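Structure record follows, encoded as structure tokens.
The values are calculated or read from the model by the stated rules, or taken from the named source; none is laboratory data. Small disclaimer: the values here were computed from a predicted structure and weren't measured. Note that each Cβ is placed from the backbone with ideal geometry, even for glycine, and that neighbours are counted across all protein chains shown.
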Amino acid sequence: MEAKILIVDDDPELLRSFARQFYKTYDIVIANGPEEGLTQIKNDPQIAVVISDFAMPIMDGVLFLTKVKQIEPQVIRILLTGYADLTIAINAVNAGHIFRFLTKPISKEAMQFTLAEALRQYHLEEAERQLLEKTLNGSLSLLAEILSLVNPAAFSKATRIKKHIRHMVAKLNLTNGWQYELAAALSQIGFVTLPSDIGDKYAQGEDLSSKETEMLLRHPQVAQRLLEKIPRLEAISQMIALQNEPFSIFMQKETAENEVTIGGQLLKTALDFDEFIQKGTKAEDAQTIMIKKAGVYNPRFVAALGDGILVWANWEKRLILVKQLQIGMIINKDVYSQNDIFLVSKGQEVTLSVLERVNNFHESAGVKQPLEVLVSIEKTEII
């Protein structure tokens, strides 16, 4: 992806002059004033560096760059001013977290050097960010895989609601959708602390005692405590803690539309929708029931569900032997060992750890065969 440099000023002639000087070396885009600049930042993910004049109407360069940081914190920010004012410089650094503070007039060579340094800084930070994301995602994938071994039913539910949330995020055009999907994938991690018999009874729809119910209802807060210690997962852990909270508690608060409460509402909607589907309720009937429950769900999120389930027409049902089981298949009937140990729940996608679990049990105690699975005919998963 070609990195772009955005120049923001209320002087059209200055913008044209800047573009003429540097268009052969860099991919330059211009914005006539701060409002147009913010629109560019929101709509163009290729912008890596932004240079803003200080003296502009509506908002000055410091305020503009502060807003840029709020929208796209990874963009490198440079302030250009005709005033060699120390106060302006300090405010710019503190509020806008700028990379460079430049005073006019500035030579072409000095600007060329600054732009090269800014792009170098952007690429360094981007490489570090990607490395951290890969490391974090790998660690979290391992965590989810462990859940699949400890509590297959909980992992299967997390896998299903992740697909529902992916569908809602796309329909609602929400930004940073990855964090909502990650919250879904880890939403059931608190089940690892529950006695296995409670998890099994809950998964099979059996009645729980009041004490067991109390323990079960605490699993989101347990998950929050487990995850909040991991860097960059603070917000996601808070979303998970809110997964059972009704929409009504957010309706009168200013926080109703922040990312944490949106994540909690998405989880609540997806979890309850999945529960209806697992009990045999048709998707459209489940939506109708949920919409009628005023204050329980965000109506926009329920409407965004669509039918939100696997397109079964794109999957072929097969009966197979254990040796034929492959990664990517979906278990269509609970899998048990020959001595009736529950191994994999219906609806769970076969991952490497699931495959290893089934194969290991088959070698030691035997697995009841044939296995009923769904095999993908097409890649389409959500409609």
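Against the criterion of being more than 17 Å from S237 (Cβ to Cβ), outside the structural domain of D334 (by TED's automatic domain parsing) and surrounded by 15 or more Cβ atoms within 10 Å (Cβ to Cβ), S196 does not qualify. Filtering E117, E109 for residues that are closer than 30 Å to Y23 by Cβ and out of contact with any strand residue (DSSP E or B) (no Cβ under 9 Å at 6 or more places or on another chain) leaves a single hit, E109. For region 154-166, indicate whether the set of residues that are assigned to a helix (DSSP H, G or I), in contact with a Ser or Thr (Cβ under 7 Å, 6 or more places away or on another chain) and not aliphatic (A, V, I, L, M) is non-empty. Checking region 154-166: at least one residue is assigned to a helix (DSSP H, G or I), in contact with a Ser or Thr (Cβ under 7 Å, 6 or more places away or on another chain) and not aliphatic (A, V, I, L, M).
Quick check on region 38-51. Is at least one of its residues at pLDDT below 90, at positive phi and not in a strand (DSSP E or B)? No. For beta carbons closer than 6 Å, sequence separation of 6+ or different chains, a first residue in region 134-145 that is within 16 Å of T351 (Cβ to Cβ) and a second that is part of a helix (DSSP H, G or I), the qualifying pairs are A144/A185; E145/S353.
Out of contact with any strand residue (DSSP E or B) (no Cβ under 9 Å at 6 or more places or on another chain), touching a residue at least 12 places away in the same chain (Cβ under 8 Å) and of a type in the set (S, T, Y): which single residue out of T261, T288, T281 fits that description? Give the steps one after another, and end with the answer.
Working: T288 fails: touching a residue at least 12 places away in the same chain (Cβ under 8 Å); T281 fails: touching a residue at least 12 places away in the same chain (Cβ under 8 Å).
Answer to the check: T261.
N176 passes every criterion in (1) within 20 Å of the chain's Cα centre (by Cα); (2) crowded, with 19+ Cβ neighbours inside 10 Å apart from (2). Within region 46-83, the set of residues being touching a residue at least 40 places away in the same chain (Cβ under 8 Å) and under 24 Å from the mean Cα position of the chain (by Cα) comprises Q46, I47, A48, Q74, V75, I76. Of E275, E206, all but one fail to be surrounded by fewer than 13 Cβ atoms within 10 Å (Cβ to Cβ), free of Cβ contacts under 8 Å to residues at least 60 places away in the same chain and not hydrophobic (A, V, I, L, M, F, W, C); the exception is E206. So for region 129-141 (the condition being modelled with pLDDT of 85 or more and out of contact with any helix residue (DSSP H, G or I) (no Cβ under 6 Å at 6 or more places or on another chain)), does at least one residue qualify? There is no residue in region 129-141 that is modelled with pLDDT of 85 or more and out of contact with any helix residue (DSSP H, G or I) (no Cβ under 6 Å at 6 or more places or on another chain).
Among the residues of region 279-309, how many are in a loop (DSSP other than H, G, I, E, B) and either surrounded by fewer than 20 Cβ atoms within 10 Å (Cβ to Cβ) or not hydroxyl-bearing (S, T, Y) (or both)? Number of matching residues: 14.
So for region 64-71 (the condition being of a type in the set (V, I, T), on the phi > 0 side of the Ramachandran plot and modelled with pLDDT under 90), does at least one residue qualify? I'd like the intermediate steps shown before the answer.
Our first condition is that a residue be of a type in the set (V, I, T); within region 64-71, this holds for 66, 68, 71.
Now restrict to residues that are on the phi > 0 side of the Ramachandran plot: none.
Checked region 64-71: no residue is of a type in the set (V, I, T), on the phi > 0 side of the Ramachandran plot and modelled with pLDDT under 90.
Of the residues examined, A110 is not one that is under 27 Å from L182 (Cβ atoms), at pLDDT 85 or above and loosely packed, with under 14 Cβ neighbours inside 10 Å. Restricting attention to region 23-76, the residues that are touching a strand residue (DSSP E or B) at 6+ places or on another chain (Cβ under 7 Å) and polar (S, T, N, Q) total 3.
State yes or no: is A118 surrounded by 12 or more Cβ atoms within 10 Å (Cβ to Cβ) and either modelled with pLDDT of 90 or more or outside any strand (DSSP E or B) (or both)?
Numbers: surrounded by 12 or more Cβ atoms within 10 Å (Cβ to Cβ): yes; either modelled with pLDDT of 90 or more or outside any strand (DSSP E or B) (or both): yes.
Here the answer is yes, as A118 does meet what is asked.
Applying the criterion of at least 1 residues that are of a type in the set (D, E, K, R) to the strands (runs of 3 or more DSSP E) found wholly in region 314-376 leaves 315-320, 371-376.
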